[in-house]
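The values are calculated or read from the model by the stated rules, or taken from the named source; none is laboratory data. What you see is a predicted model, and the numbers here were worked out from it, not measured in a lab. Don't worry about glycine lacking a Cβ; one is built from the backbone with ideal geometry, like all the others, and counts go over all protein chains shown.
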Amino acid sequence: MGCFVRRWKQRKHVQQVSLFIIDELHLIGGQGGPILEIIVSRMRYIASQLENKIRIVALSTSLANAKDLGEWIGATSHGLFNFPPGVRPVPLEIHIQEACPSTAVDLMTYSSVDSEQKPLFLLQSAEELEPFVANIKEPMLKETIQFGVGYLHEGLSSTDQDIVKHFFETGWIQVCVMSSSMCWGVPLSAHLVVVMGTQYYDGRENAHTDYPVTDLLQMMGHASRPLVDNSGKCVILCHAPRKEYYKKFLYEAFPVESHLHHYLHDNLNAEVVVGVIQNKQDAVDYLTWTFMYRRLTQNPNYYNLQGVSHRHLSDHLSELVENTISDLEARSFGNFGLASEYEQLPIRPGEEELIRRLINHQRFSFENPKYTDPNVKANALLQAHFSRQTIGGNLASDQQEVLIYASRLLQAMVDVISSNGWLNLALLAMEVSQMVTQGMWERDSMLLQLPHFTKELAKRCQENPGKSIETVFDLVEMEDDERRELLQMSDSQLMDIARFCNRFPNIDLTYEVLDSDNIRAAEDVSVHVSLERDLEGRTEVGPVDAPRYPKSKEEGWWLVVGDTKTNQLLAIKRVALQRKSRVKLDFTAPAEPGKKTYTLYFMCDSYLGCDQEYSFTVDVKEAATMEEDS
């Protein structure tokens, strides 16, 4: 959503929004709060700039400072409703007591002991379960599910997760044990929810940390089955000294504060890139639309505000902007592996040794690595992905999360780098995007993208007598008999190769420099590019063939004009190509006359070996004089 509305000046449909609905606004005080706050602030800012009234509807849990949030989104006193925590569609009984550990295996054991015949938590026969259980990959889950106890965590395959959800929703099993992070993405509900502990292991701090209250509220919310139960029950097991703390915040409305001042760098940088913020005063003005600005005078100590006068407020915002911009200038280019998105990557007890061994086998080493640092873990998982090193368990799940974030980060990096006009870095970020999608290093043979290919087979293709086979196009151009003899694969494997080759982008590019004989110094230069894809008899492009990428992905392209001598990126366009497309690239001719050579790049974000590169020369003439203009 943040990326969608960020470029609102170029998106007419964003400018035409008349109703904006925000769910779970209380999360503004959680880990993802700054993102939510910026999205709402941006929508309010858009409405003010376009003089287009936007109705904002926000939903939240009970809050102690609901009035501040309401006034921030523009709600009047008649449009603000803040109910006590006890008001729910299904009444909820909350019990907070000291913790006692338990697991899915413990529950299975107790179930089998208490019931000599059919397991206590299983409501279907073993014969009815068997067709589903046979498809479960996790051995322990296969065992517990037959006793009516399932469990969910990020390391389970999507198939295993779907089977457990189906069993629990249909009532075939009565107990489902879930990891804490799954409470946000799994829409399961039950009559009784037991929160088995209120702390998690924080690898960065090497200590156990309390869950945010927002997470506990989300867990409690699963004890609600409208139209099924007259009431729900939630039992929270916690460390004895924390009992009174949770009583206060779970039985009473709690306040929320902004965390935007801790994450201002990324957000200000994004607004600078899209042109909303062009100077320091713009940045200060922009902050006045945020929830943080409204809370500064309400809770000055929390935000380190020295006073609550207008002068104090103005000085505080100016200093905040100055410090943020200074930090951004000092960093000039961000480190991909140190992205803040990876800071929430979990470090589980005992994982330090696994990460250490993982790092020792990677291409790029670390200097004095801290194995409990999530960024170090993210870097190691990325390198393992490029090296196609097999990873299992929770690390495999973490690696999937790292890869999905990586694609988004690389798109943003290309935007930021291109806005600074850095050609080589932009091309490098595009190549890394290809590596992330295909799971290979840029130095590896491009043939490793094909199914059933190994490094040994790729080397044999490269050493093929007569003609070295190095690209997908080289392989396609071979005679069928020669290809079969070289690859030595079965018919089904050769069919897989053929399917990949048919889907591999085969795009014809032509370009024209408009009015190329009459380009003058410091004037605009326009390059028209025509693209046409050979679909090999298909009607649509379809998703990228990338079995090592964790989710379905549509291919994207960049068209770039650059000056290789000065390392300057002059023009860039993002292209989503189906069959045909025409694109116009504009840039400014140099101030000095003479012949200038430029390069046109056509770069893919998903496949290696299909990029195109063309050089063209522009003969720049003297700038027009006043007499010529008249």
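List of remarks:
- Leu287 being at positive phi and either without any contact (Cβ under 8 Å) to a residue 60 or more places away in the chain or buried (at least 20 other Cβ atoms within 10 Å of the Cβ) (or both): no
- Residues that are closer than 14 Å to Leu403 by Cβ and part of a loop (DSSP other than H, G, I, E, B) within the stretch 339-389 comprise Ala339, Leu345, Ser387, Arg388, Gln389, listed in sequence order.
- Being closer than 27 Å to Arg499 by Cβ and among the β-branched types (Val, Ile, Thr) is true of Ile404.
- Test: residue in the stretch 286-297 that is modelled with pLDDT of 90 or more, over 29 Å from Asp373 (Cα atoms), among the aromatic types (Phe, Trp, Tyr) and more than 26 Å from the chain's Cα centre (by Cα): yes
- In the stretch 196-227, the residue that is nearest to Ile96 (Cα to Cα) out of those that are of a type in the set (A, V, I, L, M, F, W, C) and without any contact (Cβ under 8 Å) to a residue 24 or more places away in the chain is Ala207.
- Pairing each residue of the stretch 351-367 that is outside the structural domain of Ala378 (by TED's automatic domain parsing) with any residue that is surrounded by 17 or more Cβ atoms within 10 Å (Cβ to Cβ) and acidic (Asp, Glu), provided the two are 6+ apart or on different chains, yields no C-beta distance under 7 Å.
- All positions within the stretch 419-436 that are buried (at least 22 other Cβ atoms within 10 Å of the Cβ) and more than 15 Å from Asp611 (Cα to Cα): Leu423, Val436
- Scanning the stretch 175-199 for residues that are touching a helix residue (DSSP H, G or I) at 6+ places or on another chain (Cβ under 7 Å), closer than 16 Å to Leu152 by Cβ and either polar (S, T, N, Q) or part of a strand (DSSP E or B) (or both) yields Val175, Cys176, Val177, Ser180, Val193, Val195.
- Qualifying residue in the stretch 555-570 (condition: assigned to a loop (DSSP other than H, G, I, E, B), touching an Asp or Glu at 6+ places or on another chain (Cβ under 8 Å) and of a type outside the set (Ser, Thr, Tyr)): yes
- Taking the criterion of being assigned to a helix (DSSP H, G or I) and not hydrophobic (A, V, I, L, M, F, W, C), the residues of the stretch 390-417 that qualify are Gly393, Asn394, Ser397, Asp398, Gln399, Gln400, Glu401, Tyr405, Ser407, Arg408, Gln411, Asp415.
Yes/no matrix, rows are residues, columns are (1) closer than 26 Å to Val436 by Cβ; (2) at pLDDT 95 or above:
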| residue | (1), (2) |
| --- | --- |
| Lys459 | yes, no |
| Asn464 | no, no |
| Val476 | yes, no |
| Glu485 | no, no |
| Asp491 | no, no |
| Tyr511 | no, yes |
| Glu523 | no, no |
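- Leading residue by the ranking (modelled with the highest pLDDT) among those in the stretch 88-109 that are loosely packed, with under 11 Cβ neighbours inside 10 Å and under 35 Å from the mean Cα position of the chain (by Cα): Pro89
- Residue in the stretch 246-269 that is farthest from the chain's Cα centre (by Cα), counting only those that are modelled with pLDDT of 90 or more and outside any helix (DSSP H, G or I): Glu257
- The residues on offer are Val284, Val272, Val235, and the sole one that is touching a helix residue (DSSP H, G or I) at 6+ places or on another chain (Cβ under 6 Å) and of a type in the set (A, V, I, L, M) is Val284.
- Flag if Lys233 is among the charged types (D, E, K, R), part of a strand (DSSP E or B) and farther than 22 Å from Ala64 by Cβ: yes
- Looking only at residues in the stretch 147-174 that are assigned to a strand (DSSP E or B) and in contact (Cβ under 8 Å) with a residue 40 or more places away in the chain, the one that is nearest to Gly392 (Cα to Cα) is Tyr151.
- From the list Glu592, Glu613, the one residue that fits, being part of a strand (DSSP E or B) and of a type in the set (Asp, Glu), is Glu613.
- In summary, Ser492 fulfils each of the numbered conditions (1) surrounded by 14 or more Cβ atoms within 10 Å (Cβ to Cβ); (2) within 23 Å of Val544 (Cα to Cα); (3) free of Cβ contacts under 8 Å to residues at least 12 places away in the same chain with the single exception of condition (1).
- Counting only helices (runs of 4 or more DSSP H) that sit completely within the stretch 452-528, those holding 3 or more residues that are of a type in the set (D, E, K, R) correspond to 455-462, 480-487, 491-503.
- Considering each residue of the stretch 459-481 in turn, none proves to be over 18 Å from Asp444 (Cβ atoms), crowded, with 17+ Cβ neighbours inside 10 Å and among the charged types (D, E, K, R).
- Yes/no for Leu457 being of a type in the set (A, V, I, L, M, F, W, C) and more than 17 Å from Asp534 (Cβ to Cβ): yes
- All positions within the stretch 353-368 that are crowded, with 16+ Cβ neighbours inside 10 Å and either among the β-branched types (Val, Ile, Thr) or over 22 Å from Trp441 (Cα atoms) (or both): Leu354, Ile355, Ile359
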